[in-house]
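The structure appears below as structure tokens.
The values are calculated or read from the model by the stated rules, or taken from the named source; none is laboratory data. All values derive from a computational prediction rather than experimental measurement. Note that each Cβ is placed from the backbone with ideal geometry, even for glycine, and that neighbours are counted across all protein chains shown.
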Amino acid sequence: MSELSVNHLLGIKYLNKQDIQLIFETADHFKEVINRPIKKVPSLRDITIANLFFENSTRTKLSFELAEKRLSADVLNFSSAQSSVKKGETLIDTVNNILSMKVDMVVMRHPNPGAGVFLSKHVNASIINAGDGAHEHPTQALLDSYSIREKLGGVKGKKVVIVGDILHSRVALSNIFALQLQGAEVMVCGPKTLLPKYIDKLGVKVETDLRKALNWCDVANMLRVQNERMDISYFPSTREYTQQFGVTKDLLNSLDKEITIMHPGPINRGVEITSDVADSDQAIILDQVQNGVAVRMAVIYLLASKIKQ
Ligand code: CP
């Protein structure tokens, strides 16, 4: 297969196994490119991409921008905080104004679940979802699986536990879909209050004892508690959360085996993960960030190939 089955990347749930394989094989090529002295290829000289961020970001925003520049695309950066959205302009009007400047592709982060799907139905451009509320964050899940593949030689058959605030996490949902599509076993672990009611329907194991979860897994993907999406208290205190669901070096050292630690960032050091774990050889957190550029180059390149047809 040499092309994606989709014209947009709106969520992992719209992809098939072959799409993920194609993205990873293409990312392997771009990873080699970005490790060369000249890190740029002319592939997308005729493509213009707008990065629309309606919510804060460090990694995703910079990673997309770098990926686009490495592919020689023209890049427009838009941040809603400094835009006419503040004067009441709608999402569709905002995007159609940007597209009238001959923009081919839109990368969008938005606080509302489904914002990317909505946009894809109303504007004439290829849309990449860079995180929509607590719904999906497909490129994060792709770079997470790519990093597991790199570290452990594959994803199929691996046991991955996602720990923490599953309820408010787009990273959790996209990772569950991506890992299952590739034949991994998935567990979620966290306080009952931070597990969605529909969790049983997702085909994942559920565990509320962190030690048991860590003893089961090959990989633990540690999530941040998303206080900004909470309007009530989901656990008594941060201290109690950390005591029950924080990963420490002592806890890792007491396990039967050495597991791989991941985190999508941003990290709350001392809450879900201690610094000696985050900065240890067991953690591949910065590899995830580095792989994000190659994976996003692959996604952009493959979607742009469909625009050019
Ligand atoms: N992982 C992630 O989405 O980080 P940012 O919010 O900094 O983009």
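For this structure, a couple of remarks:
- Residues of segment 44-64 satisfying the condition of being assigned to a helix (DSSP H, G or I) and among the basic types (Lys, Arg): 59, 61
- Some residue of segment 53-68 being of a type in the set (A, V, I, L, M, F, W, C), over 20 Å from residue 111 (Cβ atoms) and either assigned by TED's automatic domain parsing to the domain that holds residue 115 or at pLDDT 95 or above (or both): yes
- Members of segment 160-200 found to be in contact (Cβ under 8 Å) with a residue 24 or more places away in the chain, hydroxyl-bearing (Ser, Thr, Tyr) and within 24 Å of residue 235 (Cα to Cα), listed by number: 169, 193
- The lone exception for residue 174 - which of (1) crowded, with 22+ Cβ neighbours inside 10 Å; (2) not in a helix (DSSP H, G or I) it fails: (2)
- Note on segment 74-95: residues that are within 16 Å of the ligand (Cβ to nearest atom) and either touching an Asp or Glu at 6+ places or on another chain (Cβ under 7 Å) or part of a helix (DSSP H, G or I) (or both) amount to 3.
- Top-ranked residue in segment 51-73 [being surrounded by 22 or more Cβ atoms within 10 Å (Cβ to Cβ) and within 8 Å of the ligand (Cβ to nearest atom); ranked as farthest from residue 41 (Cα to Cα)]: 60
- Residue 284 meets the conditions (1) surrounded by fewer than 16 Cβ atoms within 10 Å (Cβ to Cβ); (2) touching a residue at least 12 places away in the same chain (Cβ under 8 Å); (3) hydrophobic (A, V, I, L, M, F, W, C); (4) within 16 Å of the ligand (Cβ to nearest atom) in every case but one. The failed one is (1).
- In segment 1-54, residue farthest from residue 149 (Cα to Cα) [restricted to those that are of a type in the set (A, V, I, L, M, F, W, C) and touching a Pro at 6+ places or on another chain (Cβ under 9 Å)]: 54
- For segment 198-229, a tally of residues being of a type in the set (Val, Ile, Thr) and either surrounded by fewer than 15 Cβ atoms within 10 Å (Cβ to Cβ) or outside any strand (DSSP E or B) (or both) returns 4.
- Condition check for residue 107: buried (at least 24 other Cβ atoms within 10 Å of the Cβ) and either over 20 Å from residue 283 (Cα atoms) or among the hydrophobic types (A, V, I, L, M, F, W, C) (or both): yes
- Selection status of residue 101, more than 16 Å from the ligand (Cβ to nearest atom) and touching a Leu at 6+ places or on another chain (Cβ under 7 Å): no
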